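The values are calculated or read from the model by the stated rules, or taken from the named source; none is laboratory data. Nothing here was measured: the structure is a model prediction, and the numbers come from that model. Cβ coordinates were reconstructed from backbone atoms using ideal geometry, including for glycine residues, and neighbour counts include every protein chain displayed. Protein only, heavy atoms only, side chains kept; ligands, DNA and RNA dropped before computing areas. Shrake-Rupley method; radii C 1.70, N 1.55, O 1.52, S 1.80 Å.
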Amino acid sequence: MTNPLLVPHRLPPFSSIRAEHVVPAVKELIAEAESGLSQQLASGATPSWATLVEPIEARQDKLNQAWSPVSHLNSVMNAPELRDAYEEGQRLLTDYYTGVGQNRDLYDAYLALSQSAEFSGLDQAQQKTITDALRDFKLSGVALEGEAKARYKAIKSELSRLTTAFSNNVLDATNGWTHHVTDEKALAGLP
């Protein structure tokens, strides 16, 4: 059976997505992204928009194409199985993105691109993408070493867990709230 989260689509296949698709898809896409990034950095190619940024953006888009529908479904069709899958997927993605943000070789490649002759020939949006990426690396603790780097990762993981727990609590409270109206006059003016 094909995992709908791994099939390219123009519109999300909401009706085909099941909780059991989420974690395998996230794991596969993260493994693909990590492998692609490793190959990219090991190739020794001079960093350029085409050799550095475009492949990374393409892999990022595949992850977003899979995760966005899951995130939406978790918000609108929350069920215990989907919630568990969402939480596990969120944990995996947090670990992945934290690792990417702390990847010194990737940071160095972006820095080299920003200092290259090609940079001035890029359009404004491309230059902003690169400068924002460099900023994000710094904010992700790319310069941290040893225990400080591990601590940052633990904090990011805990923040993700707490954010998801908070969202779940808000969703549960929203779903648990009702207001029964017995007087029709209280509904005057409502369609």
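For the structure I just gave you, tell me whether L106 is under 20 Å from A31 (Cα atoms), modelled with pLDDT of 95 or more, open to solvent by less than 70 Å² (accessible area, probe 1.4 Å) and more than 16 Å from the chain's Cα centre (by Cα). Yes; evaluated as a whole, the condition is true for this residue. Of the residues in the range 93-103, none is open to solvent by 50 Å² or more (accessible area, probe 1.4 Å), of a type in the set (D, E) and in a helix (DSSP H, G or I). Taking every residue in the range 1-30 that is open to solvent by less than 50 Å² (accessible area, probe 1.4 Å) and pairing it with any residue that is aliphatic (A, V, I, L, M) and not in a helix (DSSP H, G or I), at least 6 positions away or on another chain, the pairs with Cβ-Cβ distances below 7 Å are P4/I17; L5/I17. For T182, indicate whether it is without any contact (Cβ under 8 Å) to a residue 40 or more places away in the chain and part of a helix (DSSP H, G or I). Criteria not met by T182.
Restricting S114, S15, S75 to those that are in contact with a helix residue (DSSP H, G or I) (Cβ under 8 Å, 6 or more places away or on another chain) and modelled with pLDDT under 95 reduces the list to S75. Within the range 135-143, is there a residue that is among the acidic types (D, E), open to solvent by 40 Å² or more (accessible area, probe 1.4 Å) and either farther than 19 Å from E57 by Cβ or touching a residue at least 60 places away in the same chain (Cβ under 8 Å) (or both)? Taking every residue of the range 135-143 in turn, none turns out to be among the acidic types (D, E), open to solvent by 40 Å² or more (accessible area, probe 1.4 Å) and either farther than 19 Å from E57 by Cβ or touching a residue at least 60 places away in the same chain (Cβ under 8 Å) (or both). Checked against (1) within 25 Å of F137 (Cα to Cα); (2) out of contact with any Ser or Thr (no Cβ under 9 Å at 6 or more places or on another chain); (3) assigned to a helix (DSSP H, G or I); (4) open to solvent by 50 Å² or more (accessible area, probe 1.4 Å), G44 passes all but a single condition, namely (3).
When E87 is tested against the conditions (1) in a loop (DSSP other than H, G, I, E, B); (2) within 30 Å of A19 (Cα to Cα), the lone failure is (1).
Determine which member of the set E54, E81 is exposed (fewer than 13 other Cβ atoms within 10 Å of the Cβ), over 14 Å from the mean Cα position of the chain (by Cα) and in contact (Cβ under 8 Å) with a residue 40 or more places away in the chain. Of E54, E81, the one residue that is exposed (fewer than 13 other Cβ atoms within 10 Å of the Cβ), over 14 Å from the mean Cα position of the chain (by Cα) and in contact (Cβ under 8 Å) with a residue 40 or more places away in the chain is E81.
Of the residues making up the range 57-73, just one is free of Cβ contacts under 8 Å to residues at least 40 places away in the same chain, more than 13 Å from L37 (Cβ to Cβ) and open to solvent by less than 60 Å² (accessible area, probe 1.4 Å), namely S71.
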